[in-house]
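Asks: Below is a structure I'd like to ask you about.
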Amino acid sequence: MAEQKKSNPMLQVALRKHIDGDLQAAEHLYREIIQADPGDAQAKHYLGYLLQQSGRLQDAFDQLTAAIAIDERHAEWHFNLGIVLSRQAQVAAAIDAFTKAIAIDPDRYFYWTNLGAAFESNQEWVRAEQCYKAAGSLDPNCPDAFYLLSALYLKQERFEEARHCNYRGIVTEPAGSKPKLVLGQALYELGRVDEAISLFENWLAEEPDNPVATHLLAAYRGQQVPARCSSQYVEQTFDAFANSFESVLGRLKYCGPQLVQDHLATLDLPASSLSILDLGCGTGMVGEVMKPYARELVGVDLSQAMLDRSAEKQVYSQLHRSDITEFMLTSGEHYDLIACMDTFVYLGRLDEVLALIYQKLRAGGMLLFSTEKLLGITGSDYRLNISGRYSHHPDYLAMLLGNTGFRLQRMSDVPIRKESGCEIAGQFICASRVE
């Protein structure tokens with residue numbers, strides 16, 4: 001093994017240029033040094049690192065392997081070679097390079113996460129898990145390993161472990177980097193209930209009239225649960241959500257529009273034949289799939305920002321900014337189809353709204369809606385979850401629909417969306433007015 005040469009002044013200048021982002025000047029200096037002394041391993045390593053940064057991977061590989069051939073004692077050099085090999089999809093060689101780096105310096109968090117990622121890309125799940133756990137042990141306050149573990153567990157359909165690791169990642173993020181509602185849910189799910197409640201109490205102390213803090217604190221305390229979300233809560237939540245709404249729901253695999261589209265396709269409906277009301281229309285995602293069947297399509301939502309996005313699509317013949325119950329109380333129109341997808345999750349008690357919908361449907365008219373499913377609890381009609389949304393028991397829905405006068409035609413269990421990578425159990429319901 002060669003002795004490391006003392007670095008020369010030109011190398012220090014090159015490193016400064018490199019650090020300052022003047023890569024062209026740094027590269028020129030590194031190459032000058034190597035030309036003058038082909039045995040300068042440091043210059044070869046730093047040139048290889050620069051070339052990797054610039055995406056010139058084969059040249060980077062040549063310089064890094066040459067540096068290591070001269071002096072193999074540096075963990076960082078093996079690690080940087082591993083990065084190049086990973087980017088070249090040479091997984092086995094990358095694993096070897098990362099392993100050598102760890103053998104020299106086992107206390108570098110990111111050496112372990114990168115080795116884990118290489119094992120994972122090679123479908124060596126157990127070894128990947130061991131590496132991520134080692135990284136988490138080295139630095140329990142760094143979220144990366146927890147997120148990597150969460151993603152790995154999702155691939156293996158180990159959903160509870162995935163959710164747990166995702167929450168651990170959230171709570172180790174720097175203060176203020178996550179929304180309070182996200183942090184509160186993570187704390188609660190990790191059993192740190194008092195901390196979660198304190199978080200919302202402090203939020204409400206800072207903003208006494210904040211409807212989101214008020215609503216979520218009620219959910220977390222589990223006392224005096226409101227029968228529905230306040231209009232202010234819904235409006236503020238979705239106004240803030242409007243610009244990213246569809247991209248976020250895409251990532252969450254929200255299936256509401258597809259459920260409606262698939263159901264309507266089974267009914268052999270004439271085109272442009274129905275008067276349709278879309279309650280909680282949002283940005284018009286469900287409206288788009290109902291449009292071919294509509295001679296009239298009316299959208300109602302509390303969020304003006306959502307309605308603005310919906311208006312851009314020119315799907316609806318009318319758009320109304322209103323609470324859905326208030327709209328039905330004041331509107332004199334009647335409809336052949338009323339859709340209420342992913343909207344009842346913001347209502348607990350449904351007797352009033354279902355009675356109003358029944359009155360607004362023509363004889364033979366159809367109601368389509370979705371809920372989150374209340375699981376494993378008997379004797380409860382609905383529950384306010386720490387997400388701020390409600391879930392409903394299927395027996396409650398069936399009883400209420402029957403008491404209101406509906407004929408239940410379909411109640412299907414569906415994964416309505418994903419949360420923290422895990423499916424949220426839901427229900428898709430079709431009922432009709434039989435008069």
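The values are calculated or read from the model by the stated rules, or taken from the named source; none is laboratory data. Computed from a predicted model, the values in this text were never measured in an experiment. Methodologically, a virtual Cβ is constructed for each residue, glycine included, from the backbone with ideal geometry; neighbour enumeration extends over all protein chains shown.
Asks: In the list THR343, THR371, which residue meets the criterion of being farther than 24 Å from PHE159 by Cβ, polar (S, T, N, Q) and in contact (Cβ under 8 Å) with a residue 12 or more places away in the chain?
Replies: Working: THR371 fails: farther than 24 Å from PHE159 by Cβ.
Of THR343, THR371, the one residue that is farther than 24 Å from PHE159 by Cβ, polar (S, T, N, Q) and in contact (Cβ under 8 Å) with a residue 12 or more places away in the chain is THR343.
Asks: Looking only at the stretch 385-402, decide whether some residue is outside any loop (DSSP other than H, G, I, E, B), surrounded by fewer than 22 Cβ atoms within 10 Å (Cβ to Cβ) and in contact (Cβ under 8 Å) with a residue 60 or more places away in the chain.
Replies: no
Asks: Across the stretch 96-126, what is the total count of residues that are among the hydroxyl-bearing types (Ser, Thr, Tyr) and farther than 13 Å from GLU76 by Cα?
Replies: Within the stretch 96-126, the subset among the hydroxyl-bearing types (Ser, Thr, Tyr) is 99, 109, 111, 113, 121.
Cutting the leftovers down to farther than 13 Å from GLU76 by Cα gives us 113, 121.
So the count comes out to 2.
Asks: Further question: How many residues are out of contact with any Gly (no Cβ under 8 Å at 6 or more places or on another chain), part of a helix (DSSP H, G or I) and either without any contact (Cβ under 8 Å) to a residue 12 or more places away in the chain or among the aliphatic types (A, V, I, L, M) (or both) if we restrict to the stretch 97-114?
Replies: Adding up the residues that qualify gives 3.
Asks: Looking only at the stretch 159-184, count every residue that is at pLDDT below 90 and either assigned to a loop (DSSP other than H, G, I, E, B) or among the aromatic types (Phe, Trp, Tyr) (or both) and tell me the total.
Replies: 6
Asks: Going by what's in this entry, would LEU187 be described as without any contact (Cβ under 8 Å) to a residue 40 or more places away in the chain, in the same structural domain as ALA213 (by TED's automatic domain parsing) and either touching a helix residue (DSSP H, G or I) at 6+ places or on another chain (Cβ under 7 Å) or in a loop (DSSP other than H, G, I, E, B) (or both)?
Replies: On the way: without any contact (Cβ under 8 Å) to a residue 40 or more places away in the chain: yes; in the same structural domain as ALA213 (by TED's automatic domain parsing): yes; either touching a helix residue (DSSP H, G or I) at 6+ places or on another chain (Cβ under 7 Å) or in a loop (DSSP other than H, G, I, E, B) (or both): yes.
Taking the combined requirement at face value, the residue satisfies it.
Asks: Looking at ALA118, ALA151, ALA134, which is the one that is more than 20 Å from LEU85 (Cα to Cα), at pLDDT 95 or above, in a helix (DSSP H, G or I) and not assigned by TED's automatic domain parsing to the domain that holds ALA186?
Replies: Selected residue: ALA134, the only one of ALA118, ALA151, ALA134 that is more than 20 Å from LEU85 (Cα to Cα), at pLDDT 95 or above, in a helix (DSSP H, G or I) and not assigned by TED's automatic domain parsing to the domain that holds ALA186.
Asks: Any residue in the stretch 283-308 that's in contact (Cβ under 8 Å) with a residue 24 or more places away in the chain and under 19 Å from CYS255 (Cβ atoms): show its pairings with residues that are of a type in the set (Gly, Ala, Ser) and assigned to a strand (DSSP E or B) at Cβ separation under 9 Å, as long as the two are six or more apart or on different chains.
Replies: GLY284/GLY299; VAL286/ALA339; GLY287/ALA294; GLY287/GLY299; GLY287/ALA339; MET290/ALA339
Asks: Could you list, in sequence order, all residues of the stretch 55-89 that are surrounded by fewer than 16 Cβ atoms within 10 Å (Cβ to Cβ), closer than 20 Å to ASN114 by Cα and among the small types (Gly, Ala, Ser)?
Replies: Matches in the stretch 55-89: GLY55, ALA89.
Asks: Moving to a separate point now. Checking THR330 against (1) out of contact with any strand residue (DSSP E or B) (no Cβ under 9 Å at 6 or more places or on another chain); (2) at pLDDT 95 or above, which test does it fail?
Replies: (2)
Asks: Would you be able to tell me the number of residues in the stretch 403-435 that are part of a helix (DSSP H, G or I) and under 30 Å from VAL171 (Cα atoms)? It would help to see each step written out before you state the result.
Replies: Step one: list which residues in the stretch 403-435 are part of a helix (DSSP H, G or I), which gives 403-404.
Next cut, under 30 Å from VAL171 (Cα atoms) only: none.
Residues that pass the stated criteria total 0.
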